[in-house]
Amino acid sequence: MGAVANGLVVLVALEHVWFLVLEMFLWTKPVGLRTFRQTEEKARASAALAANQGLYNGFLAAGLVWGLLAREPAHAFAIKLFFLTCVAIAGIFGSLTVSRRILVVQAVPAALALALLSLSRG
């Protein structure tokens, strides 16, 4: 169960690395415009905000990787618990304020990882 939980943590971390790339580097490019369903004009006007948001997503990914690399089990558990909770809360907030898709893309994977992490701890 622990390996599956860590696999989901990796997935969530990779998602947030991808969000960083989308928001910091591809926001005004065709893939960013399609992903976030916006016009080029709107994307250009909000590019600085998106880059800031992307940076925060990178911090979430870094925290999850830190949790995966931590050697002491209790410490690793606490780090992953904290960062997955942050991701889940951000996903819930985003689904309420921006798009319901965020619930499925961000909050659900984090919640599943949290559940498996908790079950694997016993």
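Please treat every number below as a calculation from the coordinates, not as lab data. Predicted model, so just to flag it, every value in this text is computed and none were measured. As a convention, Cβ positions derive from the backbone with ideal geometry for all residues, glycine included, and neighbour counts pool all protein chains shown.
Values as computed for the structure displayed
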read-out: Linear extension gain, residue 18 paired with residue 99, 0.36 nm per residue minus alpha-carbon span; value: 27.4 nm
read-out: Difference of contour (0.36 nm per residue) and Cα-Cα distance, residue 71 to residue 45; value: 5.0 nm
read-out: Where trypsin sites (Lys or Arg not before Pro) fall in DSSP loop in the stretch 17-58, at most 12 other Cβ within 10 Å; value: 37
read-out: For the stretch 1-54 versus the stretch 96-122, the gap between their alpha-carbon centres in whole angstrom; value: 17
read-out: 0 to 90° range, to nearest 10: angle between helix 40-69 axis and the chain longest Cα axis; value: 10
read-out: Estimated 222 nm signal from helices in the chain, with DSSP H stretches of n ≥ 4 weighted -39500 (n - 2.57), rounded to 500; value: -28000 deg cm²/dmol
read-out: On Cα atoms only, tilt of 108-121 relative to the major axis of the chain in degrees; value: 10
